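Everything below concerns the one structure shown next.
The values are calculated or read from the model by the stated rules, or taken from the named source; none is laboratory data. The shown structure was predicted, so the numbers you read here are calculated from the model rather than taken from an experiment. Don't worry about glycine lacking a Cβ; one is built from the backbone with ideal geometry, like all the others, and counts go over all protein chains shown. Remember, those area values only see protein heavy atoms, side chains included, never the ligands or the DNA or RNA. Shrake-Rupley method; radii C 1.70, N 1.55, O 1.52, S 1.80 Å.
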Amino acid sequence: MVLQEYILARCIPVPFCGCWLWLQSVGSHGYGQASTRVKRVDVAHRVSYEAFVGAIPIGMLVQHSCDNRWCVNPDHLSIGDDSTN
């Protein structure tokens, strides 16, 4: 299965706000958890960013513009660091 299809099959779009809510497991940190062949378990929004946007530079974070930890919409995600998060 293509990584984009993996994400889309496990989330649901929310009308009006644009978030794509992760429907699978959520870790104790409050973020969705995704299991892929490449990485055993990773946070779902990082997997979504890599699937739809591209590679995440080493040491960088994937931030939510919507402040919704369950959101995996790549339009709501951006690269940043601790100072911008």
Over all directions, average the projected area of the Cα convex hull of the chain and note it in nm². 5.5
Do any trypsin sites (Lys or Arg not before Pro) in segment 1-83 lie in a DSSP loop with no more than 13 other beta carbon atoms within 10 Å, and if so, which? 37, 39, 40
For segment 66-85 and segment 1-57, write down the distance between their C-alpha centroids in whole Å. 12
Per residue, how much accessible surface does the chain expose to a 1.4 Å probe? Answer in Å², no decimals. 63
